[in-house]
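Below is one structure, written out as structure tokens, with a few remarks after it.
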Amino acid sequence: MSTDFKSLQIENRVFPPSAEFQAKARISSMDEYKKLHAESINSPDTFWAREASELTWQKRWDKVLDWQPPFAKWFVGAKVNVSENCVDRHLTTHRKEKVAILWEGEPGDTRTLTYAQLHVEVCKFANVLKAQGIKSGDRVLIYMPMVPEAAIAMLACSRIGAVHSVVFGGFSAESIKDRLHDSGAIAIVTADGGWRRGKIVPLKPHVDTALSSGESNVKKVIVLKRTGQEIAMQAGRDTWWHDEVAKVDANCPAEGFDAEHPLYILYTSGSTGKPKGILHTSGGYLVGTYCTSKYVFDLRDDDVYWCTADVGWVTGHSYIVYGPLANGATALMYEGAPDTPHFGRFWEIIQKHKVTILYTAPTAIRAFIKWGDEHPNKYDLSTLRLLGSVGEPINPEAWMWYHTVIGGGRCPIVDTWWQTETGSIMITPLPGVTPTKPGTATLPFFGVDAAILDEDGNEVGPNEGGKLVIRKPWPSMLRTIYGDAERYQQTYWSTYKNIYLAGDSSRRDEDGYFWILGRIDDVLNVSGHRLGTAEVESALVSHPAVAEAAAVGRPDEIKGQAVVVFVTVKAGVQPSDALAAELKKHVGNVIGAIARPDDVRFTAALPKTRSGKIMRRLLKEVVAGGVVKGDTTTLEDFSVVAALQASGKDDE
């Protein structure tokens with residue numbers, strides 16, 4: 001079945017960079033971008049060698065790239081220590097006493113760690129790991145709340161060559177067990193608990209349950225005291241972080257490791273339900289995250305940069321820890337939820353800490369819209385100079401709200417497209433260069449040869465939908481699926497010869513801008529017409545009553561698929577049959593009659609992963625009348641699915 005389809009949504013609003021921002025930007029003209037991008041594609045060795053030379057290498061590379069499709073080696077023969085680049089290299093500069101991590105807990109407690117202080121903590125914990133018998137190549141599972149020690153543990157692992165696998169602190173014991181089994185981890189770093197929406201999230205008990213079968217290789221569990229409740233500690237296996245740190249000194253030289261030495265394994269959901277262990281290595285990943293952080297966020301020494309993701313996701317790895325710290329930035333970390341203790345929590349933090357760069361997800365932006373403008377309007381957001389979006393495609397109307405209400409109409413928005421697999425940002429505006437349009441990630445980053453292909457591997461024309469691919473290797477690319485090279489080849493490289501398949505459908509407009517239309521599997525097939533779910537959802541969100549929406553297909557004897565939409569309305573709006581009819585008409589007016597929903601279901605919430613992505617697979621199962629099955633370990637709130645299933649039965 002063809003996955004080629006026509007895009008029907010057109011966006012004509014354009015926002016060029018302000019002259020003031022452009023004048024100070026690292027890259028400040030489209031000519032300069034085009035020249036550098038052409039060099040990065042045509043002479044990648046020259047471009048990436050220059051970028052990499054800004055970092056610290058214990059031994060320089062013999063060759064920039066060895067490409068044996070689909071396996072890449074970057075900076076061949078080089079020796080590097082990622083921890084050294086994120087911490088030590090700043091100690092001989094003016095950044096030594098600069099704040100590296102600025103942390104706020106959900107209850108309101110705060111901490112700051114300068115680069116000098118971070119160095120001490122990382123070295124001490126690296127020595128703790130060594131004292132527990134952990135050595136280069138060993139896998140360490142990290143299951144932590146959003147506290148500085150999560151980043152410290154990651155940097156300590158990279159310092160001694162241990163391979164970390166961070167598991168999001170909201171995942172279940174079963175998820176931990178699966179990841180322990182796949183990675184063969186010999187140690188776990190965790191905490192008694194963390195704070196989330198005013199309640200303790202029990203972490204150590206989940207670890208105990210995961211280990212109760214005795215099937216893992218885990219010999220040591222190191223526990224941070226965060227929430228202070230009573231927990232079980234198993235003698236000989238479990239130790240307290242503070243007790244172990246007290247036994248060691250802060251002398252831990254950064255040993256150089258091969259540029260292709262594994263840095264981390266991060267698990268992402270697979271279509272089969274079995275999570276995929278995405279393997280990233282040291283040199284190329286470091287260069288990719290360093291370079292993208294520098295240019296995409298236009299980082300400055302006086303920035304207070306806040307990425308609102310959790311370190312359990314790739315966004316937290318790349319854009320809380322490795323990218324910002326390699327640049328010597330001040331990175332803010334926040335432990336809790338955006339609605340606790342009140343709906344203005346994020347804006348309160350921005351005002352309090354004078355945040356200059358905010359990088360958050362469309363799902364959070366849509367939640368803010370739902371809660372109402374009165375919450376951000378209470379706070380002074382004038383320190384913000386740059387906004388970013390990451391995760392799902394951002395609906396144009398959500399983009400406009402972000403631009404006007406949060407950015408005051410003055411902040412460029414970098415709407416970024418990338419994946420766990422890509423390691424770093426792939427398609428993005430550059431804030432001093434790119435005229436932006438609401439809803440598009442715009443143009444490829446340096447070194448990214450992106451294209452949209454049809455079933456036969458031909459590039460499609462303007463506004464024709466197809467499969468998003470990357471045609472050349474890039475430094476931060478995944479190296480394999482851990483322990484399963486065959487699955488790596490089959491999943492990403494088998495559709496087109498030696499070309500990476502991203503798994504997303506996309507289109508390019510007349511200006512060459514990329515519009516992400518959703519996962520390939522999320523394309524709707526209505527009466528022979530193929531429509532992107534993102535476009536239907538964007539049309540719904542452009543209605544003043546709608547905060548968030550998800551579109552899925554339901555089997556239909558006549559049309560092939562009927563369009564079913566799930567809609568969350570803004571605060572103060574009452575769902576009704578009249579509103580449902582109005583929304584159907586609205587989508588027809590915005591996109592065309594072919595996209596008009598057959599069924600509008602109002603819901604208080606949509607099923608999402610804990611990283612904020614809508615789980616459309618579950619919605620498809622709900623509308624098909626079947627039982628929700630498959631991998632639901634990443635689901636944030638199981639009650640949402642139960643409520644949707646119950647409402648579906650009421651309709652029958």
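The values are calculated or read from the model by the stated rules, or taken from the named source; none is laboratory data. Note that the structure is a prediction, hence the values are computed from the model and not measured. Here Cβ is always computed from backbone atoms with ideal geometry, including for glycine, and neighbour counts include all displayed protein chains.
Counting only strands (runs of 3 or more DSSP E) that fall entirely inside the stretch 537-629 and contain at least 3 residues that are under 30 Å from Asn463 (Cα atoms) and not basic (Lys, Arg), the qualifying elements are 546-556, 560-569.
Considering only residues that are of a type in the set (Gly, Ala, Ser) and either surrounded by fewer than 24 Cβ atoms within 10 Å (Cβ to Cβ) or closer than 15 Å to Trp418 by Cβ (or both), which ones fall in the stretch 469-517? If the condition is that a residue be of a type in the set (Gly, Ala, Ser) and either surrounded by fewer than 24 Cβ atoms within 10 Å (Cβ to Cβ) or closer than 15 Å to Trp418 by Cβ (or both), then Ser476, Gly483, Ala485, Ser494, Ala502, Gly503, Ser506, Gly512 are the ones that fit.
Of all residues in the stretch 334-361, those being surrounded by fewer than 19 Cβ atoms within 10 Å (Cβ to Cβ) and under 19 Å from Ala150 (Cα atoms) number 1.
The C-beta contact set for the stretch 126-144 (first residue under 28 Å from Ile200 (Cα atoms) and outside any strand (DSSP E or B), second residue at pLDDT 95 or above and among the aromatic types (Phe, Trp, Tyr), distance under 9 angstrom, 6+ apart or interchain) comprises Val128/Trp241. If you scan the stretch 463-496, which residues turn out to be without any contact (Cβ under 8 Å) to a residue 60 or more places away in the chain and either touching a Leu at 6+ places or on another chain (Cβ under 7 Å) or closer than 28 Å to Ser43 by Cβ (or both)? Hits for the stretch 463-496 are Leu468, Val469, Ile470, Arg471, Thr495, Tyr496. Regarding the stretch 2-24, can at least one residue be identified that is assigned by TED's automatic domain parsing to the domain that holds Leu65, of a type outside the set (D, E, K, R), modelled with pLDDT of 95 or more and under 20 Å from Tyr290 (Cα atoms)? Checked the stretch 2-24: no residue is assigned by TED's automatic domain parsing to the domain that holds Leu65, of a type outside the set (D, E, K, R), modelled with pLDDT of 95 or more and under 20 Å from Tyr290 (Cα atoms). Quick one: is Ala329 at pLDDT below 95 and in the same structural domain as Ala450 (by TED's automatic domain parsing)? Considered against the rule, which asks whether it is at pLDDT below 95 and in the same structural domain as Ala450 (by TED's automatic domain parsing), Ala329 comes out as no. Scanning the stretch 85-112 for residues that are out of contact with any Gly (no Cβ under 6 Å at 6 or more places or on another chain), within 18 Å of Met333 (Cβ to Cβ) and acidic (Asp, Glu) gives Glu104, Asp109.
Quick grid of which residues meet (1) surrounded by fewer than 18 Cβ atoms within 10 Å (Cβ to Cβ); (2) more than 19 Å from Trp515 (Cα to Cα); (3) among the basic types (Lys, Arg):
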| site | (1), (2), (3) |
| --- | --- |
| Pro376 | no, yes, no |
| Ser382 | yes, yes, no |
| Ala398 | no, no, no |
| Thr422 | no, no, no |
| Ile427 | no, no, no |
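Being crowded, with 20+ Cβ neighbours inside 10 Å and over 19 Å from Asp138 (Cα atoms) is the filter here; which residues of the stretch 209-226 pass it? Of everything in the stretch 209-226, those that are crowded, with 20+ Cβ neighbours inside 10 Å and over 19 Å from Asp138 (Cα atoms) turn out to be Ala210, Leu224, Arg226.
Within the stretch 186-243, if we keep just the residues that are among the acidic types (Asp, Glu) and in contact (Cβ under 8 Å) with a residue 12 or more places away in the chain, the residue that is farthest from Ile152 (Cα to Cα) turns out to be Glu215.
Among the residues making up the stretch 314-355, a single one is part of a loop (DSSP other than H, G, I, E, B), of a type in the set (A, V, I, L, M) and within 16 Å of Gly194 (Cβ to Cβ): Ala337. The number of residues in the stretch 229-255 that are crowded, with 18+ Cβ neighbours inside 10 Å and part of a loop (DSSP other than H, G, I, E, B) comes to 3.
For the stretch 525-557, a residue qualifies if it is among the charged types (D, E, K, R) and modelled with pLDDT under 80, and the qualifying residues are Arg530, Glu535, Asp556, Glu557. Considering only the stretch 56-102, state which residues are buried (at least 21 other Cβ atoms within 10 Å of the Cβ), under 25 Å from the mean Cα position of the chain (by Cα) and among the aromatic types (Phe, Trp, Tyr). Within the stretch 56-102, just Trp74 meets the criteria.
Looking at this structure, is Ala331 in contact with a Pro (Cβ under 6 Å, 6 or more places away or on another chain), buried (at least 24 other Cβ atoms within 10 Å of the Cβ) and hydrophobic (A, V, I, L, M, F, W, C)? Criteria met by Ala331.
For Val311, the criteria (1) surrounded by fewer than 23 Cβ atoms within 10 Å (Cβ to Cβ); (2) touching a strand residue (DSSP E or B) at 6+ places or on another chain (Cβ under 7 Å); (3) in a loop (DSSP other than H, G, I, E, B) hold in every case but one, which is (1).
Under 24 Å from the mean Cα position of the chain (by Cα) and either among the small types (Gly, Ala, Ser) or buried (at least 20 other Cβ atoms within 10 Å of the Cβ) (or both): does that describe Ala187? Criteria not met by Ala187.
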